[in-house]
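Quick notes on the structure that follows.
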Amino acid sequence: MKATYLDSAVGQYLLAHSTWSDDVLDALAVETRELTGDSARMQISPDQGRFLTMITQVSRARNVVEVGTFTGYSSICLARGLGSGGRLNCFDVSEEWTAIARRYWDKAGIADRIELKIGPAAERLKELPAQLAVDLAFIDADKVSYPVYYEILLPRLAPGGLILVDNTLWSGHVADPTNDDETTQLMREFNDMVMNDDRVDSIMLPIADGLTMIRKH
């Protein structure tokens, strides 16, 4: 469980009462742990994956953006929620890790829905066509750049469109006034920025390491 701020019994109960992941996602999770070591913690949890698929489905998103693809778990979940003709644009800096993602996109049968762009997302995101209205974006990359990605994506978001931001509870540290490490402070500042942004409505969900859902007016 990534939701370390929850009682472990509650966390296990939540997992037991959510739709399980399938063989493709399970195999990807195992390979990610084997090949990336400690970096495997960057992979989203199964309950969060299920949420990404469902929110993509219920929002009827057709144009989706992911910032931070890693080995592909979240991108598979997002792509599976797309309707007919829907597209997912993924942004990441690692050829090595996204090579794993590409293999599993093929295994999941969703490679034709995904376009991968390698390079700094702060630069590559600006290459999105001006006429492309983004329906849903998922941000799960370097925390220091969260405000940058947010400000690039928000003007490109369709009215009523959604931005989902991962790790906003940061293991619950954001709520601990005695914790002043750099990343915790970065996340607090980002959370406060979103809360005070009158262009959007937002809600912070206790899913995995904290997931903030932001809706553009």
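The values are calculated or read from the model by the stated rules, or taken from the named source; none is laboratory data. Model, not experiment: these values are computed from the prediction. Cβ: placed from backbone, ideal geometry, glycine included. Neighbour counts: every protein chain shown. We work out accessible area using only protein heavy atoms, side chains counted, and drop any ligands, DNA or RNA first. Shrake-Rupley method; radii C 1.70, N 1.55, O 1.52, S 1.80 Å.
Here are the numbers:
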{"item": "Single residue of T183, T168 found to be out of contact with any Cys (no Cβ under 7 Å at 6 or more places or on another chain), open to solvent by less than 20 Å² (accessible area, probe 1.4 Å) and modelled with pLDDT of 95 or more", "result": "T168"}
{"item": "Residues being in contact with a Lys or Arg (Cβ under 9 Å, 6 or more places away or on another chain) and crowded, with 18+ Cβ neighbours inside 10 Å - total across the stretch 186-199", "result": "3"}
{"item": "Residue among T36, T4, T53, T32 that alone is in contact (Cβ under 8 Å) with a residue 12 or more places away in the chain, on the phi < 0 side of the Ramachandran plot, open to solvent by 50 Å² or more (accessible area, probe 1.4 Å) and of a type outside the set (G, A, S)", "result": "T4"}
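Residue-by-condition table, conditions (1) farther than 20 Å from I203 by Cβ; (2) open to solvent by 30 Å² or more (accessible area, probe 1.4 Å); (3) modelled with pLDDT under 95:
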position	(1), (2), (3)
I110	yes, no, no
R113	yes, yes, no
A122	yes, yes, no
A133	yes, yes, no
L136	no, no, no
I139	no, no, no
L157	no, no, no
G161	no, no, no
L164	no, no, no
